[in-house]
Amino acid sequence: MSVSKDDLRDLYAGRLGWDKTKAIISGPKDDDRFETAVEVLQEQVSWPERILMPLREHLYVVESGGERVVKCDCGHEFGDWRRNWKLSALIIARDDEASLEEIYPGLRRPDPALCEVREFICPGCGSLLDVESVPVGCPIVFDALPDLDTFYAEWLGRPLQGVRRCEDLTHEITSRWGQAEL
Ligand SMILES: [Zn+2]
């Protein structure tokens, strides 16, 4: 189905009625939907860096200084998109009864011996960017590592400049932490 730019703008702003929203979500996508969606999002941010892919509410992979980095709509940059941005966020770990009780009072509170809740906050604007509820000791979840070169070259037919290997580089952060402790 063909969706206007105005409808997409309203959809992202939460202003679109449910009937239209449902039709957009469940209908076949226009061939140029990605480009139109990125145009709408690009108009809404205050910085000039080109959005390559929206990651989630507030976060985008952008081209910045020849690199591809994760950037918040406030302008804060988290670094190379191949490193899990969550490790560069402010993290609130709810891993005891008192802190879990604040959000899951009473019987709904999970057992802190089994579960912890992590909140990831943008250091630039204080927005809550993600929450994960995981078993104790679970590594921080890397939600998405989009293969940008394959997507642009093979799906959009517009290859990006300077191919980058799409591999998880999160270990670059954790290895720095290890060295800092020596
Ligand atoms: Zn921010």
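Values quoted throughout were computed directly from the atomic coordinates according to the rules given, and no laboratory measurement underlies them. Quick caveat, the model's predicted, so the values are computed rather than measured. Every residue, glycine as well, gets a Cβ built from its backbone with ideal geometry; the counts of neighbours run over all protein chains shown.
Summary table below
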| read-out | value |
| --- | --- |
| Along principal axes, Cα extents of the stretch 1-44, largest first, whole Å | 25, 24, 11 |
| Value of Rg to Rh for the stretch 45-169 (Rh from inverse mean 1/r over Cα pairs, i.e. Kirkwood) | 1.06 |
| Size of electric dipole in the chain: Cβ of Lys, Arg +1 and of Asp, Glu -1, about Cα centre, debye, nearest 20 | 220 debye |
| Relative contact order (%) - criterion: Cα under 8 Å, at least six apart; region: the chain | 13 percent |
| Unit charges on C-beta of K, R, D, E only; dipole of the stretch 114-182, Debye | 220 debye |
| Stretchable slack from Gln179 to Ser26, in nm (0.36 nm times residue separation minus alpha-carbon distance) | 50.2 nm |
| The stretch 145-182-the stretch 2-27 distance, computed between alpha-carbon centres (Å) | 32 Å |
| Under 26 Å from Lys20, Cα to Cα: lysines that are on another chain or at least 8 residues apart | Lys5, Lys29 |
| Farthest toward positive dipole pole in the chain [+1 Lys/Arg, -1 Asp/Glu at C-beta], among Leu148, Ala113, Val131 | Leu148 |
| Charge context of Tyr152, other residues only, Cβ under 12 angstrom, K/R +1, D/E -1 | -1 |
